[in-house]
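See below for the structure under consideration.
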Amino acid sequence: MHDDEQDRLMVEQTLNGDRNAFGGLVRKYERPVYNAAYRILGNPPDAEDAAQTAFAKAFENLGMYRPEYRFYSWMYRIAVNEALNLRKKRRPSQDIDVVPVESDSSPELALHEQEQEERVGKAMMDLSPEDRALILLRHYQDLSYRDLAFVFEVPEKTIKSRLFTARSRLRVICESQQIRFEA
C-alpha cells in the first residue's frame, strides 16, 4: 500500500473512532513536523510546543482534511502556521542547528560540506520566518510546488515567485557573509 493510501486509511480509521490510528500518523510524522518547526523557531522547546500543538489541532480538525491532498502536506500546513505564530509571540533565536550532511566522499570533504551547510543554516536565520519556512519545506522536506501552494494557501505561481525571491534574498545574505550558496 502506498504511503498516501496508508495515511488516508489511518485518517478514515481515526474519524471512525480508532484513536490508535491517529497515533500511527503522529509516529510517522512527528520527526519531520518537529524538524520543520525547529528550523523555523531555532530552539527545541519551542519546536516541541509547536509540533505538539500542530498534532492536537490536526486531530481536532481531522474532519476538515481533504483526501485529494497528501496528509503530509496538510499536516505541514498546520505545523508551519503553528511555528510561525509561535515565532511571532516569542523572541527569535539566533542559532539554528543543521542536520549533518551525509556523504559518500572523503571525511575532509564531508566535514567541509557540513561546515558549509551550517553557515548557510545560520544565514537562513536572517531571512523572514516565511521565507525560511518556504526554503526549508521545498529544499529540506522536498514538498512539491502544489503541496507548498496548499500549505501557504496561495496559487502555485505565487509559490514559485516567493521561492525565487526567498532564494535571492538568501543568496545576497550568503554573499555578504562570503558563504558559497547554490540553489
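The values are calculated or read from the model by the stated rules, or taken from the named source; none is laboratory data. Since the structure is predicted, the reported quantities are computational estimates derived from the model, not experimental observations. Note that each Cβ is placed from the backbone with ideal geometry, even for glycine, and that neighbours are counted across all protein chains shown. Keep in mind that these areas ignore ligands, DNA and RNA; they rest on the heavy atoms of the full protein, side chains included. Shrake-Rupley method; radii C 1.70, N 1.55, O 1.52, S 1.80 Å.
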- line: Among helices (runs of 4 or more DSSP H) entirely within region 120-183, at least 3 residues that are farther than 20 Å from Glu82 by Cβ occur in 156-176
message: For the list (1) open to solvent by 60 Å² or more (accessible area, probe 1.4 Å); (2) closer than 23 Å to Met124 by Cα; (3) touching a residue at least 24 places away in the same chain (Cβ under 8 Å), I need the number of the one condition that Ala50 fails.
response: (1)
- line: Taking region 1-20 and the residues there that are in a helix (DSSP H, G or I) and over 23 Å from the mean Cα position of the chain (by Cα), the one that is modelled with the lowest pLDDT would be Arg19
- line: Selection from region 149-175 of residues open to solvent by less than 80 Å² (accessible area, probe 1.4 Å), out of contact with any Phe, Trp or Tyr (no Cβ under 9 Å at 6 or more places or on another chain) and of a type in the set (A, V, I, L, M) yields Ala149, Val154, Ala166
- prompt: Across region 1-24, which residue is farthest from Asn61 (Cα to Cα) among those that are open to solvent by less than 40 Å² (accessible area, probe 1.4 Å) and out of contact with any Leu (no Cβ under 9 Å at 6 or more places or on another chain)?
  reply: Asp4
- request: Working carefully through the options Arg91, Arg77, find the one that is modelled with pLDDT under 75 and closer than 19 Å to Ala37 by Cβ.
  value: Arg91
Criterion violated by Arg87 - all others in (1) touching a Lys or Arg at 6+ places or on another chain (Cβ under 9 Å); (2) touching a residue at least 40 places away in the same chain (Cβ under 8 Å); (3) open to solvent by 20 Å² or more (accessible area, probe 1.4 Å) satisfied: (1)
message: Could you go through region 30-41 and let me know if any residue there is of a type in the set (Asp, Glu) and modelled with pLDDT of 80 or more.
response: yes
task: Could you please tell me which pairs satisfy a Cβ distance under 7 Å, a separation of 6+ or placement on different chains, a first residue in region 133-159 that is without any contact (Cβ under 8 Å) to a residue 24 or more places away in the chain, and a second residue that is of a type in the set (Phe, Trp, Tyr)?
output: Glu156/Tyr145
query: In region 131-147, how many are open to solvent by 30 Å² or more (accessible area, probe 1.4 Å), charged (D, E, K, R) and more than 11 Å from the chain's Cα centre (by Cα)?
result: 1
